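Let me begin by presenting the structure, written as structure tokens, before commenting on it.
Nothing in this text is a laboratory measurement; each read-out follows from the coordinates by a stated rule. Bear in mind that the values here come from a model prediction, so they are computed numbers and not experimental data. Glycine also receives a Cβ, built like all others from the backbone with ideal geometry; neighbour counts cover every protein chain displayed.
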């Protein structure tokens, strides 16, 4: 729509585009402070106890404010989260959605690009929220690609898939049975790449455990330590963190190598990245507990140095 076009008024433009003119003036209502607080607490409780369902989360929230279970369930649906524990079979799969078997039972991801996993999580903002999708190489814990969006629509998932496949092609690609991962567009793209599609069983708590661990790490080490005001700020911080996670953060399960050293090969990684030692990310590397800013401290103290500034200070 061109609001400044004097020769073609808005009324005529709306008619030509078959749009309801009244909808052009609609201003979306921002979420209330109460809704933001509830979603933040649900996110914190779920990250700490991913086996908690709506019942237990409701009990925990009622220690702080009155809220009923239906409201908690609605918020959890909007956030795209559910407890990773077996539950009653209260919903049936849509028959027109392709469902693939779980291929990873009794199988170990033995080499890079053997098994990839994909999942979506909730990222809180100061006055809203985003959704984060990531593709993870299970053998090396390397984040192959990731993407952010303000809605749970399909395109941002397909974008992450395309970015991942532009780098390599896995043998097996695992996901849950969510609507994004049973959509025809998603299935067709993986079939075009000739990968074996694997899907978690319904109610299986551990089928996607590596990706669940990634979300826990990202939230405790990055998201909860910052108070993102805008999507752009969240994207910049997460880009810095995933670079740190892949190339600087050592893992005990990887014999204290970084994911990039395992995924790309140790020599190739050392030749392509800055090999300086040190944590390079957490403000107090030697401190066993990182400080999590509250709403008051986040607004009253200067902003924390960026990842680049911390690297340069080493």
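Some points to look at:
- For segment 115-211, the average shadow cast by the Cα convex hull is 6.3 nm², which is a quarter of the hull's surface.
- Here the simple spin-label model places points 7 Å from the Cα toward Cβ, and for residue 209 and residue 194 these points are separated by 3.3 nm.
- Projected label distance in nm at residue 221 and residue 106, using a 7 Å step from Cα toward the beta-carbon: 3.4 nm
- Working ranking of peptides 117-130, 152-165 by packing, defined as the average number of other Cβ atoms within 10 Å per residue, highest first, is 117-130, 152-165.
- In range of the label at residue 78: residues from segment 100-135 whose backbone nitrogen is under 16 Å from the point 7 Å along Cα→Cβ: 122-131
- Contour minus Cα-Cα distance for residue 44 and residue 252 (0.36 nm per residue): 72.4 nm
- Net length gained if the chain between residue 8 and residue 56 were fully extended (0.36 nm per residue, minus Cα distance): 11.6 nm
- Percent RCO, i.e. relative contact order, over segment 115-211, from Cα pairs under 8 Å lying at least 6 residues apart: 26 percent
- Note on residue 183 and residue 114: their simple-model spin labels are 3.1 nm apart, each label 7 Å out from Cα toward Cβ.
- Whole-angstrom gap from segment 226-252 to segment 132-208, using each part's C-alpha centre: 20 Å
- Using C-alpha pairs below 8 Å separated by at least 6 residues, the relative contact order for segment 33-79 is 38 percent.
- Fully extended contour minus Cα-Cα distance, from residue 169 to residue 151, at 0.36 nm per residue: 3.8 nm
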